[in-house]
Amino acid sequence: MITSSSLRKYILYAVGEITLVVIGILIALQVNNWNEARKSRIIEKTVVEELYKELTQNLTYTNTELDLAKKRQKSVTEVLSLTGKRSLHVIEEEFSLHLIKSLAFEVYSPIINKTNEVINKSQLSFFYSDSLGDKLSDYLSHINELEEYYLYNVDTWKTIVRPYLNKNYSLQSIVKLSRLSNFSPSSNFEVFPDRMLNDREFENIFINIYTDINAYSFTLEENIVMMESLINQIKRDYPHVDNNEK
């Protein structure tokens with residue numbers, strides 16, 4: 001027959017066993033969570049290192065693009081300084097060189113593989129830098145805006161600039177000087193740069209090009225500021241990336 005004293009001891013023993021099992025499970029879960037967190041931090045640091053390299057490369061590239069945009073804007077300014085002056089005589093070759101420098105443009109194509117990967121992986125979080133993900137999203141939006149500028153330039157060239165040049169100038173002269181092709185047929189048509197420089201439509205085209213380049217340069221400058229901010233934030237929150245560079 002089980003006495004009350006024995007029952008009490010049995011219950012205490014059972015509770016103790018259950019408590020030990022629960023504590024063991026909690027400890028195991030805690031260790032597992034700690035291991036998972038440690039793995040996540042290792043992955044995070046590796047991702048940030050790659051982001052840092054990508055951003056520093058893009059910063060150099062974007063500064064170069066900004067210099068090119070300013071040079072192009074300077075060429076456009078030089079062309080506009082010649083418009084509306086009827087007594088001015090401009091040599092064809094000199095004018096063609098101005099046109100080439102003013103109209104040349106390239107697609108803005110920074111490296112964004114790692115940035116895209118980070119944005120698309122919603123499960124990836126930045127333990128050491130909470131705001132980094134949001135700032136990367138804003139940065140990527142600016143890059144998309146700059147890439148759209150190239151498409152806008154292509155459309156402007158196809159629908160406005162090239163049709164105007166087809167009617168009013170010799171593309172043979174531009175092709176020859178720009179070395180776009182080994183084939184450079186001679187033209188018997190006379191070229192009169194003075195007529196274009198005294199054409200209001202030509203001036204308006206170049207004013208539009210000037211304002212477009214100005215907007216493009218401003219967006220590049222904004223992007224440079226964003227990249228510098230991201231790079232500084234990474235260096236502050238993940239000091240190891242800066243040490244790896246040294």
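Nothing in this text is a laboratory measurement; each read-out follows from the coordinates by a stated rule. Predicted model, so just to flag it, every value in this text is computed and none were measured. So basically every Cβ, Gly included, is an ideal-geometry build from the backbone, and we count neighbours across all protein chains shown.
Modelled spin labels at residue 229 and residue 109, positioned 7 Å past Cα toward Cβ, are 2.9 nm from each other.
Can you tell me the length gained on complete extension of the stretch residue 94 to residue 155, counting 0.36 nm per residue apart and subtracting the Cα distance?
On the way: separation 61, 0.36 × 61 = 21.96 nm, distance 2.62 nm.
Length difference between fully extended and current span is 19.3 nm.
Rounded to the nearest 0.05, what FRET efficiency is calculated for residue 190 and residue 222 with R0 set to 41 Å and r the Cβ-Cβ distance? Computed FRET efficiency for residue 190 and residue 222: 0.35.
Given in Å, the Rg to one decimal and the Dmax to the nearest whole number for the Cα atoms of the range 52-245 are 21.7, 70. Measuring against 23 Å, Cα to Cα, the residue pairs 45/121; 135/235; 70/101; 45/235; 74/135; 74/114 contain 74/135; 74/114 as the ones spanning a longer distance.
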